[in-house]
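Engineer: Attaching a single structure in structure tokens format; questions to follow.
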Amino acid sequence: MIFRMILAAMFIVIAGVANAVDFEAGREAYERGDYATAFREFHPLAEQGLADAQFNLGFMHEQGKGVLEDFVSACAWFDLVAAQGDDNARERRDTLRDSMTRDQIAEA
């Protein structure tokens, strides 16, 4: 039983380190203007619930960096981060909603 708990804890630590490395690779790619690589690094992390990766994907969709400009997707990503208590994401989401139709907001 203790061995399983230690093994589980080690897995969590290793996964956290891997996520940090992937996030850093995405951040560096974004700064180089390699938005396709940044998207590939951020997307799986965002799907796993990493708020920073979700915010970055929201920003990339909002700005059309590496993906088509898509306010619905941007709003959806910002909404996930806002639900985790991030005021900046909430403000960006709300600003986007001001330029969206009711149907787009519902879709997001």
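Engineer: If you wrap a convex hull around the alpha carbons of segment 19-95, what volume per residue comes out, as a whole number of Å³?
Structural biologist: Cα-based convex hull of segment 19-95, divided per residue, equals 75 Å³.
Engineer: How would 101, 37 line up by accessible area, probe 1.4 Å, largest first?
Structural biologist: Reading off the accessible areas and sorting them downward yields 101, 37.
Engineer: For segment 76-88, take each phi angle, set θ = phi - 60°, evaluate the Karplus expression 6.51 cos²θ - 1.76 cosθ + 1.60, and give the result in whole Hz per residue in order, putting x for glycine and proline.
Structural biologist: Couplings: 4, 5, 4, 4, 4, 6, 4, 5, 8, x, 7, 5, 4 Hz.
Engineer: Ok, one more. Taking the solvent-accessible surface of protein heavy atoms with a 1.4 Å probe, what is the per residue accessible area of segment 52-108 in Å²?
Structural biologist: In whole numbers, segment 52-108 has 57 Å² accessible per residue.
Engineer: Accessible area of residue 80, 1.4 Å probe, to the nearest 10 Å²?
Structural biologist: For residue 80, solvent-accessible area is about 90 Å².
Engineer: Still on this structure, I have one more. Quote the accessible area belonging to residue 43 in square angstrom, nearest 10, computed with a 1.4 Å probe and with ligands, DNA and RNA left uncounted.
Structural biologist: Residue 43 exposes around 60 Å² with every protein chain in place.
Engineer: Within 13 Å, Cβ to Cβ, of residue 30, how many net charges do the neighbouring residues add up to if Lys/Arg are +1 and Asp/Glu are -1?
Structural biologist: -3
The values are calculated or read from the model by the stated rules, or taken from the named source; none is laboratory data. Note that this is a predicted model, so its numbers are computed, not measured. Because the Cβ atoms are built from the backbone with ideal geometry, glycine has one as well, and the counts that use them run over all protein chains shown. To get the accessible areas, we keep the full protein, side chains included, count just its heavy atoms, and leave off ligands, DNA and RNA. Shrake-Rupley method; radii C 1.70, N 1.55, O 1.52, S 1.80 Å.
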